[in-house]
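The structure under discussion appears below in the form of structure tokens.
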Amino acid sequence: MNEGVLFNLAEVSVTLAGFSGIAVVLSLRWTATELRVLWFLVANSLLAVFLALLPLPMALADWDEGTIWIVCAVLLGSWFIVGNALALLGDRRDWASHQELSIPLLNVIAIYGASAVSVIMGVALWLSAFDLGVPRGQAIYVAGLIVLIAQASIEFLFFIGLASTQRAEQDAASATSTGAPTSEEPQG
């Protein structure tokens with residue numbers, strides 16, 4: 001087992017979890033969608049830390065290496081599938097209530113693209129647990145952790161896009177109320 005790789009992934013995840021605190025500060029008004037994405041940002045970051053470190057105590061307890069990777073693959077694969085099902089249910093609720101997102105289209109595409117990749121990774125992890133077409137071991141598990149960190153990073157970018165959109169709306173509103181030219185209007 002290459003512990004160094006797992007420690008590095010845990011460190012990246014802790015950093016990303018810290019960035020979620022910045023996301024909280026970026027917005028004062030929260031919609032149900034924004035709260036859900038924030039929850040997933042925090043959950044994915046903290047799960048990445050926990051899951052990156054999970055094989056270490058199992059190895060210290062002299063678990064068989066195959067058993068370690070089966071347990072880890074099943075846990076991570078299950079989160080990918082269950083987490084994305086929960087996200088989809090939340091999205092359906094938002095669509096039914098006609099709640100609109102005010103973020104750039106690129107962020108929406110990135111979030112759904114990452115969801116598709118994570119479901120595929122969840123299936124691959126489950127297949128690796130049974131050694132069906134995907135070799136069991138640290139390689140697929142580390143790939144899964146990288147996908148989890150990437151998904152949390154995209155969720156963080158959601159908040160960056162949200163903050164920039166809200167800032168532009170505030171600037172436009174204050175410029176309109178004071179009669180100052182907006183960034184689209186010439187100042188000359």
For segment 39-60, name all the residues that are assigned to a helix (DSSP H, G or I) and without any contact (Cβ under 8 Å) to a residue 60 or more places away in the chain. W39, V42, A43, L46, V49, F50, L53, L56, P57, M58, A59, L60
Please name all residue pairs, on different chains or six or more residues apart, with Cβ atoms under 8 Å, provided the first residue is in segment 137-166 and is within 19 Å of M121 (Cβ to Cβ) and at pLDDT below 80 and the second residue is among the aliphatic types (A, V, I, L, M) and buried (at least 22 other Cβ atoms within 10 Å of the Cβ). none
What do you reckon, is D64 surrounded by 15 or more Cβ atoms within 10 Å (Cβ to Cβ) and among the acidic types (D, E)? no
Considering every residue within segment 88-108, establish whether at least one is part of a helix (DSSP H, G or I), under 14 Å from L148 (Cα atoms), touching a residue at least 12 places away in the same chain (Cβ under 8 Å) and polar (S, T, N, Q). no
What are the residues in segment 39-77 that are among the small types (G, A, S), under 19 Å from the mean Cα position of the chain (by Cα) and closer than 16 Å to V5 by Cβ, if any? A48, A52, A73
Quick one: would you say V71 is part of a helix (DSSP H, G or I) and either of a type in the set (D, E, K, R) or in contact with a Pro (Cβ under 9 Å, 6 or more places away or on another chain) (or both)? yes
Restricting the search to segment 118-136, which residues are in contact with a Gly (Cβ under 9 Å, 6 or more places away or on another chain) and free of Cβ contacts under 8 Å to residues at least 24 places away in the same chain? L127, D131
Would you mention how many residues in segment 1-54 are at pLDDT below 75 and among the charged types (D, E, K, R)? 1
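The values are calculated or read from the model by the stated rules, or taken from the named source; none is laboratory data. Quick caveat, the model's predicted, so the values are computed rather than measured. Cβ atoms come from the backbone with ideal geometry, glycine included; neighbour counts cover every protein chain shown.
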